[in-house]
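What follows is a short report on a single structure.
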Amino acid sequence: MTDRVTLLRWAFWGLLVAISAGLLFVKLLPLDLSAGRFPGPDIFIGFVMAWMLRRPDYVPILLVAILIFLTDLLYQDIPAVGALMAVIGLEVLRRREAGLREQHFVIEWGAVSAVLLAMLLGERILLMVFFVEQIPFGRALLQFMTTVAAYPVVVFISVFVLGVEKLQPGDDPVRSQAA
């Protein structure tokens with residue numbers, strides 16, 4: 001028999017897969033065929049980063065890397081570069097999670113923005129070293145800015161709709177999940 005903590009963890013892993021599949025489905029729909037539209041935010045990476053700073057046990061790195069890799073393949077992007085940058089960025093946030101746990105949201109938002117910017121620049125440099133054609137820097141920067149702007153909405157949905165709350169200093173993750 002599975003205990004409540006493990007069941008809850010698996011449920012959030014399944015929810016992460018469902019969020020990824022839902023966002024993938026919406027993006028693949030031919031809703032707007034006009035060229036040159038404003039790039040939208042990367043909602044999935046926003047959810048993953050918000051969950052990483054609240055409950056790192058809800059974000060298995062291997063699952064996130066597989067989901068981003070499959071998304072890159074379906075969007076016909078350069079495979080594995082986005083997954084690599086996401087894994088590096090998430091591991092940076094995982095190391096900072098304990099220090100950011102008791103900080104104000106604005107500090108968290110700034111840390112996530114810095115990690116997203118480092119991921120963007122790292123991806124650009126990696127692709128430049130291997131002479132891979134890239135999207136224009138302005139467009140990538142616009143997507144970065146929309147992702148940063150959408151992060152508070154993603155955190156609101158994560159906390160108040162999905163119930164992914166930060167562990168407070170001194171909390172036991174097992175006891176708080178089982179309650």
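The values are calculated or read from the model by the stated rules, or taken from the named source; none is laboratory data. Predicted model only: the values in this text are computed from it and were never measured. Positions of Cβ are generated from backbone atoms using ideal geometry, with glycine treated the same way; all protein chains shown enter the neighbour counts. Surface accessibility is based on the protein's heavy atoms, side chains included, excluding ligands, DNA and RNA. Shrake-Rupley method; radii C 1.70, N 1.55, O 1.52, S 1.80 Å.
Side notes on the structure shown:
- Simple spin-label estimate for Leu127 and Phe38 gives 2.2 nm between the two label positions (7 Å along the Cα-to-Cβ direction from each Cα).
- Extension gain, Phe25 to Gln76: 0.36 nm times the residue separation minus the Cα-Cα distance gives 16.9 nm.
- Of the three principal axes defined by the Cα atoms of the chain, the extents in descending order read 49, 32, 28 Å.
- Other-chain or far-sequence residues with amide H under 5 Å of Ala80's (modelled H): none
- Cβ-based net charge around Trp51, under 15 Å, with every Lys or Arg adding one and every Asp or Glu removing one: +1
- Folded to 0 to 90 degrees: helix 43-54 orientation relative to the chain principal axis, Cα: 30 degrees
- Residues of the range 1-25 falling in the label zone of Thr146, defined by backbone nitrogen less than 18 Å from a point 7 Å along Cα to beta-carbon, are 20, 22-25.
- For the range 15-110, the share of accessible area belonging to carbon and sulfur comes to 68 percent (1.4 Å probe, ligands and nucleic acids excluded).
- For the chain, the longest principal axis of the alpha carbon atoms and the long axis of helix 4-28 meet at an angle near 20°.
- Over the range 107-149, the pair-distance histogram of Cα-Cα distances with 10 Å bins from zero comes to 28, 50, 19, 3 percent, rounded to whole numbers.
- Across the alpha-carbon set of the range 49-155, the Rg to Rh ratio works out to 0.97, Rh being the Kirkwood radius.
- Excluding ligands, DNA and RNA, the accessible surface per residue across the chain is 59 Å² with a 1.4 Å probe.
- Dividing the summed helix terms, -39500 (n - 2.57) for each DSSP H run of n ≥ 4, by the number of residues in the chain produces a 222 nm estimate of -23000 deg cm²/dmol to the nearest 500.
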